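Engineer: Encoded as structure tokens, here's the structure I'll be asking about.
The values are calculated or read from the model by the stated rules, or taken from the named source; none is laboratory data. Quick caveat: nothing in here was measured; it's all calculated off a predicted structure. Because the Cβ atoms are built from the backbone with ideal geometry, glycine has one as well, and the counts that use them run over all protein chains shown.
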Amino acid sequence: MTPEIQLSICIPAYNRPDWLKRGINSIISQGIVEQIEIIISDDSTDERCKKVVQELLINWSGQWQYQANKPSLGMAENWNYSLKLAQGKYVLVLHDDDFLYSESLQNILTKISDCDRAVMLFGVAVVDEQEKVLKRQLNEGYLVPKAALIKLLSNSSFVRFPAMVIQRQVFKEVGFFNAALGEPTDIDMWIRLFSRYGVLCVPTITCAYTVHSQALTMGVFNQTTIRRLLEIFSRVTDVLNPQELDRCKGKFFHQFILAGAFRMLRRKNLTEFRRVMELFNLPELQGLDCPLKWLFFRWVFGILSKLLPSFS
């Protein structure tokens, strides 16, 4: 009799075979073959990722599935397809540029057996391309729906994808990722999950989230994303009052824009740095208070964005 699958690790792949190899190795090297499965939904334009999967998993004794998508499904639909292939009680979406730490699978499986929360958020290390830890994110305790929403909408980096462990059945209740929303579709999903189930924060780091120049998220810092995010924020007016929502917006959009500007500045892309900073001038963002936490950075970055043309 085949053991029941407790955790499906869903990997939506796209043209990054070396990192995909790292991600898969981070799973199979932990020596756990029962209770888990690996799902790879491959949107790649060539067969390099397929070769990596065959090389690593063909002799692996655990359960796995590989699907090559022809034509490519696109970002959100690739996530959705991997979730639809999953059979586990819980699912974890591990992007092909992220990886799990040793003993993380046992920690996750133990937590799954100990509690029955629909949505769990584990700790995560944010790393660069050389796997140097830039920061660690840890939270602890159960957040009821309203508290979870306030936390989410006050912190644009509160949720990192590979840290989320979610009961598979909830997607039948809240739906899958909305591809029409583009990049912010993950925020929309977390809102739907948190508003219904809240979130259990587990203070154990299980994964690494990689920040790099090839990341799909590098393209999110634009007017379209801002307006889609504002549209998503407008859907929680039945939970948060106008004052609470404005405070969340002030925190979220200052962090979001300044983080984007910093990424461009660190890569010495001065034109993009200036463009991202100009997002503060959008009419929709006028009147938002700048939290004290971000006041200094907005002031410094604002001065730099005005001086940069002289040095370009």
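Engineer: Which of the residues belonging to the range 24-44 are in contact with a Leu (Cβ under 8 Å, 6 or more places away or on another chain) and farther than 19 Å from residue 85 by Cα?
Structural biologist: Scanning the range 24-44 gives 25, 26, 28, 30, 32.
Engineer: In the range 5-26, what residues are touching an Asp or Glu at 6+ places or on another chain (Cβ under 6 Å) and assigned to a loop (DSSP other than H, G, I, E, B)?
Structural biologist: 5, 14, 16
Engineer: Return the only residue of 77, 131, 103 being of a type in the set (Asp, Glu), on the phi > 0 side of the Ramachandran plot and within 20 Å of the chain's Cα centre (by Cα). Write out each step before concluding.
Structural biologist: Working: 77 fails: on the phi > 0 side of the Ramachandran plot; 103 fails: within 20 Å of the chain's Cα centre (by Cα).
Going through 77, 131, 103 in turn, the sole match is 131.
Engineer: Going through 58, 5, 11, 32 one at a time, which residue ends up being closer than 16 Å to residue 162 by Cα and of a type in the set (A, V, I, L, M, F, W, C)? Outline the logic, then answer.
Structural biologist: Details: 58 fails: closer than 16 Å to residue 162 by Cα; 5 fails: closer than 16 Å to residue 162 by Cα; 32 fails: closer than 16 Å to residue 162 by Cα.
One residue alone meets the criteria, 11.
Residues checked against (1) in contact with a helix residue (DSSP H, G or I) (Cβ under 8 Å, 6 or more places away or on another chain); (2) under 18 Å from residue 294 (Cβ atoms); (3) without any contact (Cβ under 8 Å) to a residue 40 or more places away in the chain:
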| residue | (1), (2), (3) |
| --- | --- |
| 184 | yes, no, no |
| 197 | yes, no, no |
| 239 | yes, no, no |
| 247 | yes, yes, no |
| 250 | no, yes, no |
| 258 | yes, yes, no |
| 263 | yes, yes, no |
| 281 | no, yes, yes |
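Engineer: Out of all the residues in the range 127-146, is one or more of a type in the set (Asp, Glu), closer than 17 Å to residue 263 by Cβ and loosely packed, with under 14 Cβ neighbours inside 10 Å? Step through it out loud before you land on a result.
Structural biologist: At the first step, the residues of the range 127-146 found to be of a type in the set (Asp, Glu) are 128-129, 131, 140.
With the extra rule that they be closer than 17 Å to residue 263 by Cβ, the set shrinks to 128-129.
With loosely packed, with under 14 Cβ neighbours inside 10 Å added as a condition, the list becomes 128-129.
Within the range 127-146, one or more residues are of a type in the set (Asp, Glu), closer than 17 Å to residue 263 by Cβ and loosely packed, with under 14 Cβ neighbours inside 10 Å.
Engineer: Can I ask one more? Just the residues that are under 16 Å from the mean Cα position of the chain (by Cα) and surrounded by fewer than 19 Cβ atoms within 10 Å (Cβ to Cβ), please, taken from the range 155-182. Steps first, please.
Structural biologist: At the first step, the residues of the range 155-182 found to be under 16 Å from the mean Cα position of the chain (by Cα) are 155-166, 176-179, 181-182.
155, 157, 161, 176, 178, 179, 181, 182 - these are the residues of the range 155-182 that are under 16 Å from the mean Cα position of the chain (by Cα) and surrounded by fewer than 19 Cβ atoms within 10 Å (Cβ to Cβ).
Engineer: Which fully enclosed helices (runs of 4 or more DSSP H) of the range 35-134 have 3 or more residues being among the basic types (Lys, Arg) and modelled with pLDDT of 95 or more? If you could, list the steps in order and put the result at the bottom.
Structural biologist: On the way: elements: 48-57, 75-85, 104-114.
In the range 35-134, 48-57 are the helices (runs of 4 or more DSSP H) which contain 3 or more residues that are among the basic types (Lys, Arg) and modelled with pLDDT of 95 or more.
Engineer: In the set 56, 83, 92, which member is over 21 Å from the mean Cα position of the chain (by Cα) and either more than 22 Å from residue 202 (Cα to Cα) or among the hydrophobic types (A, V, I, L, M, F, W, C) (or both)? Don't jump to the end; show me each part of the working.
Structural biologist: Values: 83 fails: over 21 Å from the mean Cα position of the chain (by Cα); 92 fails: over 21 Å from the mean Cα position of the chain (by Cα).
Being over 21 Å from the mean Cα position of the chain (by Cα) and either more than 22 Å from residue 202 (Cα to Cα) or among the hydrophobic types (A, V, I, L, M, F, W, C) (or both) holds for just one of 56, 83, 92, which is 56.
Engineer: Report, by residue number, each residue of the range 36-59 that is closer than 21 Å to residue 108 by Cα and hydrophobic (A, V, I, L, M, F, W, C).
Structural biologist: Residues satisfying the conditions are 36, 38, 39, 40.
Engineer: Pull up the range 1-34, narrow it to residues that are surrounded by fewer than 23 Cβ atoms within 10 Å (Cβ to Cβ) and small (Gly, Ala, Ser), then point me to the one that is modelled with the lowest pLDDT.
Structural biologist: Going through the qualifying residues, I end up with 31.
Engineer: Within the range 223-240, how many residues turn out to be assigned to a loop (DSSP other than H, G, I, E, B) and surrounded by fewer than 15 Cβ atoms within 10 Å (Cβ to Cβ)?
Structural biologist: First, pick out the residues of the range 223-240 that are assigned to a loop (DSSP other than H, G, I, E, B): 237-240.
Subsequent filtering for residues that are surrounded by fewer than 15 Cβ atoms within 10 Å (Cβ to Cβ) retains 237-238.
The total comes to 2.
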